[in-house]
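Enquirer: My structure is below; once you've seen it, I'll send some questions.
The values are calculated or read from the model by the stated rules, or taken from the named source; none is laboratory data. The structure displayed is predicted, hence computed values, not measured ones. As a convention, Cβ positions derive from the backbone with ideal geometry for all residues, glycine included, and neighbour counts pool all protein chains shown.
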């Protein structure tokens with residue numbers, strides 16, 4: 001992929017991808033989130049969403065009520081002598097009533113679970129939260145899922161571009177069209193993380209001419225060095241370094257006991 005080309009585009013509903021790339025970078029933007037909330041932009045966006053979703057439910061309920069009323073009229077207008085037709089229309093009327101009642105219950109349950117900012121009391125709570133947002137974000141009791149929900153509430157979309165071989169440019173567009181630009185370093189892959197510095201490889205190459213693997217490991221440990229995993233050097237680690245970098249063992253003496 002060439003620098004500057006589009007690498008990914010993440011919608012506001014799934015900011016977890018960026019959190020996994022570099023969650024610390026997001027934590028540096030918590031104060032921006034707080035200012036964003038304090039200016040009521042988030043509240044306005046929430047109210048628009050609530051209104052839109054509520055209108056959709058209202059239209060579904062109105063449609064179901066119309067179907068139930070239509071079924072009732074058809075039943076009331078049928079000739080009682082036509083018993084089979086009357087029985088069929090009565091069943092349709094009952095089914096329409098049951099569907100309407102079920103839809104009302106679904107709408108009430110959805111409103112209870114998903115309603116956002118609507119009342120003055122709720123607005124006051126959100127604005128109070130804005131003052132404590134940095135504290136809440138960094139609190140030990142706030143889990144990753146909670147932070148993702150905060151971001152999902154505030155982020156409209158995220159654009160990620162690979163601007164360099166090991167670098168990402170991130171453009172965040174918040175609700176209300178404010179924006180933030182970040183530059184993130186791509187974590188090294190497993191091969192890069194397991195690559196030893198050239199000076200270590202050169203030392204192993206020099207020492208392998210007159211020392212055994214176990215003796216090389218002992219000298220590294222005596223000098224306070226650790227392997228790339230942070231652990232003491234061992235005979236097997238030195239063997240792996242020689243194998244990885246094609247270093248022959250020239251020393252033929254037996255290892256020290």
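Enquirer: Restricting attention to region 156-204, report how many residues are part of a helix (DSSP H, G or I) and either at pLDDT 85 or above or touching a strand residue (DSSP E or B) at 6+ places or on another chain (Cβ under 9 Å) (or both).
Expert: 7
Enquirer: Taking the condition within 30 Å of residue 66 (Cβ to Cβ), surrounded by 13 or more Cβ atoms within 10 Å (Cβ to Cβ) and either within 17 Å of the chain's Cα centre (by Cα) or at pLDDT 85 or above (or both), does residue 153 pass?
Expert: In short, no.
Enquirer: With respect to the numbered conditions (1) modelled with pLDDT of 90 or more; (2) surrounded by fewer than 18 Cβ atoms within 10 Å (Cβ to Cβ), which one is the sole condition not fulfilled by residue 238?
Expert: The one condition residue 238 does not meet is (2).
Enquirer: If you don't mind, another one. So if I check each of 131, 125, which one is farther than 18 Å from residue 52 by Cα, touching a helix residue (DSSP H, G or I) at 6+ places or on another chain (Cβ under 8 Å), surrounded by fewer than 14 Cβ atoms within 10 Å (Cβ to Cβ) and at pLDDT below 70?
Expert: Of 131, 125, the one residue that is farther than 18 Å from residue 52 by Cα, touching a helix residue (DSSP H, G or I) at 6+ places or on another chain (Cβ under 8 Å), surrounded by fewer than 14 Cβ atoms within 10 Å (Cβ to Cβ) and at pLDDT below 70 is 131.
Enquirer: Of the conditions (1) in contact (Cβ under 8 Å) with a residue 12 or more places away in the chain; (2) farther than 30 Å from residue 48 by Cβ, residue 189 fails just one. Which one is it?
Expert: (1)
Enquirer: Another question, if that's okay. Please go through region 43-74 and pick out each residue that is out of contact with any strand residue (DSSP E or B) (no Cβ under 9 Å at 6 or more places or on another chain) and either at pLDDT below 85 or not in a helix (DSSP H, G or I) (or both).
Expert: Correct list: 43, 44, 46, 47, 48, 49, 50, 51, 52, 53, 54.
Enquirer: Given (1) without any contact (Cβ under 8 Å) to a residue 12 or more places away in the chain; (2) loosely packed, with under 12 Cβ neighbours inside 10 Å, identify the lone condition not met by residue 202.
Expert: Failed condition: (2).
Enquirer: Pull up region 243-257, narrow it to residues that are at pLDDT below 90 and surrounded by 14 or more Cβ atoms within 10 Å (Cβ to Cβ), then point me to the one that is farthest from the chain's Cα centre (by Cα).
Expert: Among them, the one singled out is 251.
Enquirer: Here's something else I'd like to know. Among the residues of region 210-233 satisfying the criterion of being more than 14 Å from residue 196 (Cβ to Cβ) and either modelled with pLDDT under 90 or assigned to a loop (DSSP other than H, G, I, E, B) (or both), which is nearest to the chain's Cα centre (by Cα)?
Expert: Across region 210-233, the extreme among qualifying residues is 232.
Enquirer: Identify the residue in region 103-120 that is in a helix (DSSP H, G or I) and touching a helix residue (DSSP H, G or I) at 6+ places or on another chain (Cβ under 9 Å) and, among all such residues, is modelled with the lowest pLDDT.
Expert: 114
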